[in-house]
Amino acid sequence: MTPTLSLSQLQKSYGTQSVLDGVTFDVPPGSIVGLLGPNGAGKSTLIRSIMGIVEPDGGEVLIGGQPWSREGARGIGYLPEERGLYRDMSVGQQAVYFAQLKGMKKPEAVASLKTWFERLEVQGWWDKKVSDISKGMAQKIQFICTVVHQPKLLILDEPLSGFDPINARRIIEVVRSLAADGTSVLLSTHDMPSVERLVRSSGHVESRSRGVCPVHLPSSERQDGTGVQEVLFKGNDMSFTHALGALANLDSIGPTSMSGVRKASIRLRDGVGPADVLRALTQTIEVMEFIKVRPTMESLFIDAVSNVESETTAEA
Amino acid sequence: MNYGLIQAVVSREWRTRVLKPSFLLATLLLPVVSIGFVVGAILLTESAEVNSTVLVEDAPGLISRLDRASGQYVPRCPGCFPERQNLNYHFTREAPADSIWQAEGHTVLVEYDDSILQNQSGYLVYEKSPGASAKRNIERDLSRAMEHARVLESTELNWSAYQALKMDVNLVGRGIEKGQRVKGGGDEIRGSIGFLFSALLLLVLVIYGGVIMRSVVEEKANHVVEVLVAAVRPEELLLGKVVGLGAVAVTQLLAWTILSGLGFSAFQFLFDSGTIGQAATLGSGEVPVDLLTLMAENEGLSHLLDIQWSVMIGGAVAFYIGGYLLYGSLFAAVGSSVQSEQEGQGMILPITAPLMFGYFAAIMAVENPDLPILEWLGWFPLTSPVIMLVRIAGGVALWEVVLSWALLMLTARLTLGLAGRLYRFGVLHDGSRSGWKLLVHWMQGHGK
């Protein structure tokens, strides 16, 4: 299937500073792709290159399999990090205006907007001045302006900033729903919980650091964990260590609780499955809980960035 | 160019400004205030004018004589004391005490002796000042009467012969074109008309250029700009903005013209009907004539008919559009590179400098329309809008007008492209640097 967005060897430098150095990845239809990176990594430059605000020095951007064009970029629903609304216009007027700039005729823009206003429960705000609405409400309007023309590709830069938890959840639901209907989403954010909530269900994370190379964090790693298990048991240290034998290493072990339960963190050795360890432990001690620890998106992100930076240092 | 998008931008710029209460208020208020000023000034003048009854104590008997029939002293030269609205003259040889002539209803006493013929000086005695205008009229009338007296006394001429000898030379211009003498002159009158067009253009450029700059700065401050440039090419966006704000200017000028016209018509009606002021007359016995006849008969006004009005109006519209596009783009470029309006104000001087230079050259052109430098400034796009309007009024070949305008439009198009490029870079501008160095940096193609 043709990727909705395809980047190939994208390069951009400002003076002698290389910001994008051969960025290559695809955004398949219906996927939610997270774009992660530390400050200054070039996420904004990458997005602006896709949108045609910045002209890349090299490489190729394909939108829906076609070479980049202004018309193609106009079809993208783009929510930049630095966003705002005209304060001197009513909410409805400017939503129609932005829809027109996306190529919609006024009647179809109004119809589509009415639907979206109802969906996000802001239908009473149509005639309000922007100066009279809250920041969170303005964020909702900006989100509606981004999706009103039913784009095949959404590029969202920090989409949840400014939202309270309830509205953030609603936006996440809408984004997931759009993805389920086939819209591709490229998500750039520093907010790891929101990445977890959005990206967990469908897709993978691209992370790149300081224009070096992209780092893939396969979803299998998120599913299988990193071999770390947490064990809640009753018994003494000696019995526990003895039961582990050569199957796993003991990372840490906590004090005994009032009810005589202790918590240990172990790391499985290569080729050893959790079931093997559990079987061995239950033969000598009483196991209360045996939990597979999945890495948080934040730890994956930090690990990935650290690895890339240490590789870069080593190469240098 | 995507004209649908440009139209959307034009519509937004126009609607958000024209449909604002402040715009409606300003548009309605200015004609009301200006008419109010005129009416107020007239009413003030009327109320300030005091009726003066002047007693002239002609002790030496220079300008008055005794009329035996009435027993009153009357002027020797009745024409020297024309009927004036607020002045009423009486003459005497010897005025009574101040309290008495005042009690008789006189408000002003004029007194002098024989020496007035040498030192040309007398006294004006009053309790309440008759006002500067009345004083000037009394002096004028008295001077004329004295002149009359001196003519009779010192020469053998009679008054009408003396009047006939007075000279007031007027030189009428006759130009030479292709070896033939043609009707000429009137350069100053025609130049002044052109200059009026130029001055108005300068005003529009400076005022609305500032509005364009503010609008760009506002979009950056609102953080709307990144969404905009992602959807619309910056050149299209700027063109829409410049045209939209131009449409606002045209709307306001039209509204002012119509409202002022209606207001002054109403005022004229009230004035003519005598409700306000005194009814205007063309003079006793004069028959009203149409404007064109009046202009053709008057040597000065006839030069207005020499102007090629079709070229003048067409040229004015064309150069207004070209000049507005060019300077609008330049103002937009400045707006792209600054973070605040105050910062922008400091950068517009180099932009307005050629405009001001053109303006002063246009003033010179009124007096000396054939200065060689004006021809060059007429070709230079930054000065051509203001210069060419004066040159067109004075008479210039059509091909020169067309070529100058074509150069102007070409430059405006290039400037619009450049301003669009700067506008796009302005999105990335974080405010750490600004000013002309930054603009030059961007022009070289560096985005940050």
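The figures follow:
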{"quantity": "Percent breakdown of C-alpha pair distances by 5 Å bin, ordered from the shortest bin, for the range A:1-94", "calculated": "3, 11, 21, 23, 18, 11, 7, 5, 1, 0"}
{"quantity": "Whole-percent pair-distance distribution, where bins are 10 Å wide, for the alpha carbons of the range A:23-145", "calculated": "11, 36, 32, 20, 2"}
{"quantity": "Descending semi-axes in whole angstrom, ellipsoid equivalent of the range B:337-416, from the Cα gyration tensor", "calculated": "27, 16, 8"}
{"quantity": "For the range B:98-144, diffusion coefficient by Stokes-Einstein and Kirkwood Rh (Cα), 10 °C, 1.306 mPa s, µm²/s", "calculated": "136"}
{"quantity": "Computed magnitude of the charge dipole of the range B:51-152 (debye, nearest 20; Cβ of K, R +1, Cβ of D, E -1)", "calculated": "380"}
{"quantity": "Gyration tensor over alpha-carbon atoms, the range A:227-292, equivalent ellipsoid semi-axes in Å", "calculated": "18, 12, 10"}
{"quantity": "Volume in Å³ per residue [convex hull over Cα atoms, computed for the range B:51-152]", "calculated": "103"}
{"quantity": "Among A:156-165, B:258-267, the order from most to least packed when residues are scored by Cβ within 10 Å on average", "calculated": "A:156-165, B:258-267"}
{"quantity": "Three principal axis lengths of the range B:83-199 [C-alpha, angstrom, descending]", "calculated": "74, 46, 25"}
{"quantity": "Fraction of the pair-distance distribution of the range A:79-203 above 20 Å, Cα-Cα pairs, percent", "calculated": "41"}
{"quantity": "Per-residue Cβ neighbour rank within 10 angstrom, fewest leading, B:I313, A:I53, B:I351", "calculated": "B:I313, B:I351, A:I53"}
{"quantity": "Estimated FRET transfer efficiency when R0 is 60 angstrom, pair B:V50-B:L203 (beta carbons, to 0.05)", "calculated": "0.90"}
{"quantity": "Cα-centred dipole magnitude for the range A:227-292, charges only on beta-carbon of K, R (+1) and D, E (-1), debye, nearest 20", "calculated": "40"}
{"quantity": "Residues A:H149, A:H190, sorted so that the one with the fewest Cβ neighbours within 10 Å comes first", "calculated": "A:H190, A:H149"}
{"quantity": "Global size of the range A:5-222 as Cα Rg and Dmax, reported in angstrom", "calculated": "17.3, 51"}
{"quantity": "Semi-axis lengths, Å, the range B:185-237, gyration tensor of Cα atoms, sqrt of 5 times eigenvalues", "calculated": "40, 12, 4"}
{"quantity": "Cα radius of gyration and Dmax for the range B:121-252 (Å)", "calculated": "31.8, 94"}
{"quantity": "For the range A:236-283 versus the range B:96-141, the gap between their alpha-carbon centres in whole angstrom", "calculated": "126"}
{"quantity": "Percent breakdown of C-alpha pair distances by 10 Å bin, ordered from the shortest bin, for the range B:1-121", "calculated": "10, 23, 18, 10, 9, 8, 9, 8, 5, 0"}
{"quantity": "Kirkwood-type radius of the range B:1-56, with distances r between different C-alpha atoms, in Å", "calculated": "15.6"}
{"quantity": "Leading residue at positive end of dipole, the range B:49-184 (Cβ point charges), from B:L157, B:S70, B:Q180", "calculated": "B:Q180"}
{"quantity": "Cβ-placed point charges (K, R +1; D, E -1), dipole of the range A:5-222 about Cα centre in debye, nearest 20", "calculated": "400"}
{"quantity": "Peptide A:81-93, shielding by other chains (average Cβ, 10 Å cutoff)", "calculated": "4"}
{"quantity": "Top positive-direction residue, dipole computed over the range B:51-152 with Cβ charges, set B:P82, B:I138, B:Q102", "calculated": "B:P82"}
{"quantity": "Set of lysines near A:K106 by C-alpha distance (under 21 Å), chain-local residues within fewer than 8 positions excluded", "calculated": "A:K114, A:K128, A:K129, A:K140, A:K152, B:K241"}
{"quantity": "Separation between Cα centres of the range B:361-379 and the range A:1-64, rounded to whole Å", "calculated": "56"}
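FYI, it's all coordinate maths here, none of it is from the lab. Here the structure is a predicted model, which means the values were calculated and not measured. Don't worry about glycine lacking a Cβ; one is built from the backbone with ideal geometry, like all the others, and counts go over all protein chains shown.
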